[in-house]
1. Which loop trypsin sites (Lys or Arg not before Pro) in the range 1-83, with loop taken from DSSP, have no more than 12 other Cβ atoms within 10 angstrom of their Cβ?
2. Give me the distance in nm between label points sitting 7 Å out from Cα along the Cα-to-Cβ direction at residue 497 and residue 482, one decimal.
3. Residue 294 to residue 571: FRET efficiency via 1/(1 + (r/R0)^6), r the Cβ-Cβ distance, R0 35 Å, to the nearest 0.05?
4. Provide the net charge surrounding residue 359, with neighbours chosen by a C-beta distance below 15 Å and charges set as Lys +1, Arg +1, Asp -1, Glu -1.
5. So how much accessible area does residue 214 have, in Å² to the nearest 10, using a 1.4 Å probe?
6. Jot down the per residue volume, in cubic angstrom and as a whole number, of the convex hull over the alpha-carbon atoms of the range 1-131.
7. Enumerate by residue number the GluC sites (Glu not before Pro) in the range 1-103 meeting two conditions: DSSP loop (anything except H, G, I, E, B), and at most 10 other Cβ atoms within 10 Å of the site's Cβ.
8. What number comes out for the charge environment of residue 512, summing +1 per Lys or Arg and -1 per Asp or Glu over other residues with Cβ under 12 Å away?
Amino acid sequence: MTELFETDDPHDRRLVRDVTGLLGAFNAAGLLEAADVHVARRLCSVVGEADETVALALGVAVRAVRHGSVCVDLAALAASLPDLPWPPPAGWLDRVAASAVAAASVVRVEHDLLYLDRYWREEGQVRDDLIARAAHPPPVVDAGMLDAASQRIFPDDGYAEQGAAARAAATQWTTVLTGGPGTGKTTTVAGLLALLAEQSATPLRIALTAPTGKAAARLQEAVATATAGLAPEDRHRLGPLTAQTLHRLLGWRPDSRTRFRHHRGNRLPHDVVVVDETSMVSLTMMARLVESVRPEARLLLVGDPDQLTSVEAGAVLSDLVTGLTARDPRAVAALRTSHRFGARIGALAEALRDGEADRVLEMLRAGGPEIELIDPDDAAATERVRRVVLGHALDVRTAALAGDAEAAVAALDRHRLLCAHRTGPYGVQHWNRLVERWLGDETGTPIAWGPEWYPGRPLLVTANDYGLGLFNGDTGVVVRQADESVRAVIAGVGVHQVFATSRLGEVETMHAMTVHKSQGSQADAVTVLLPPEDSPLLTRELFYTAVTRAQSRVRVVGTEAAVRAAVGTRAQRATGLRQRLAR
């Protein structure tokens, strides 16, 4: 369903005062925002395009990317909003394909889909590079050694799925490894690396990477834990393994947000590249990654295709799973048996994944030590939410006031309050202020109106800072020092980073965080605030992602209608990658 914005304010920043014609009509109707209109008008002006139906198509294509889609089906969009003054559908796409904006390579038309040129090229590049990797002669593997090592690393008692996936990945250049939380993806990665290290005559050059700093830290920690269980000779061959963000691996450049030091002409030196949390990788980043990996290097893309996709354009992981499965099922290895969750959280995640609203509600209503459903209209029930959230904030603050950074960081990771929205009564900003007010009332300290950098303030880094070694998604706590000053302690693997607060730029308070920002992290307990059922952000993928952040307990605050809306609504993104791969 395509959402239209509504406003009674003539000065709303999404409206353009001086626009007329079709662009003006669709701006006033709430489909196109000001940015879409301005880009469409400017590009048409530059190339000399006067057809307003072409300008409308261009504005719609810009809007699609802003909403996460790589392309747009004009006919389907018009059919979904029949009350808007669309141009006659017959010949509209043909006019766009023959227009000046198409001649200038601003847009592309392929298989009845309209693309902005950049995304058309990136989608084709990913397809071509992956197919070229599949056509490359397969890696030479000693089958006997592989089987013997696999039996040693993956004994038959419960590790059959992981062993089969690792053996498959060892015999091909590109593998997509999928599975829900707790299915043993990291165990498979560690075992695969041990298999490959034994096969290699020289030490393997291994890159472990993830889209965010928090996800990279978790990957490094999880792989270290998994490799600790390997035989001494396997650990010796692998040596110490470190993880880094995709931006750092590819070589961030200060002059570009979409180009890196490593590319087709300057490939990565690694023999194995493992990418975790691939569901968070945008089309642009996947294009930059695949072109940078040497054809004779193994590429392992790991993730859960049922989670939320990247905040940028694309739905790459789900496209790869569907497209590569149709082309060559061996390229996709799926892990299905959960080894981590309690039975009820795992079953709830499975019911969500399968779209079974009745089953989801039945499990939520049944309650128990792992799952709880809280009615937002029940005053006594919402008081329990206040006690849980305030208790967690007090635990973090107590450790921070005592100057115990380790305890403060550990306390921070015991609970997450997750929201779908950033603003409004169900949003992060509202709940951050609310928790600070509760803290102030409980402690007698004016936290909500006091100093910005108060002890116990939980922090979320929202932008990469390569100078400080901080990355979008990193978390931390403000901790009081012995001299009564405060420092920001940012969680790391093994050793935390400590900064003067004046050195930090893009950070937010994190008593609450969005579900999107929570990807790549876990907490012992999670409280999920579902917005009303008419929220455009309420989808099955968002609900599933939120639930699967929890390790031992999930509290869902929402109405039955909101739960049903979430389970019944899929996050739809228009892409052509899966069709390109399948052909």
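The values are calculated or read from the model by the stated rules, or taken from the named source; none is laboratory data. Worth saying up front: this structure is predicted, and the values here are computed from it rather than measured. Positions of Cβ are backbone-derived with ideal geometry, glycine not excepted, and every protein chain shown enters the neighbour counts. Ligands, DNA and RNA are stripped out before the accessible areas are found, and what is left, the full protein with its side chains, is counted by its heavy atoms. Shrake-Rupley method; radii C 1.70, N 1.55, O 1.52, S 1.80 Å.
1. Those that pass, being in a loop and sparsely packed, are 13, 17.
2. 2.5 nm
3. 0.55
4. Values: positive: 344, 353, 365, 540, 564; negative: 350, 354, 356, 358, 362, 560.
Local net charge: -1.
5. Approximately 30 Å² of residue 214 is accessible to the 1.4 Å probe.
6. Taking only Cα atoms, the range 1-131 has a hull volume of 113 Å³ per residue.
7. Working: sites: 3, 6, 33, 49, 52; in loops: 3, 6, 33, 49.
Sparse-neighbourhood loop GluC sites (Glu not before Pro): 6.
8. Once all neighbours under 12 Å are counted, the net charge is +2.
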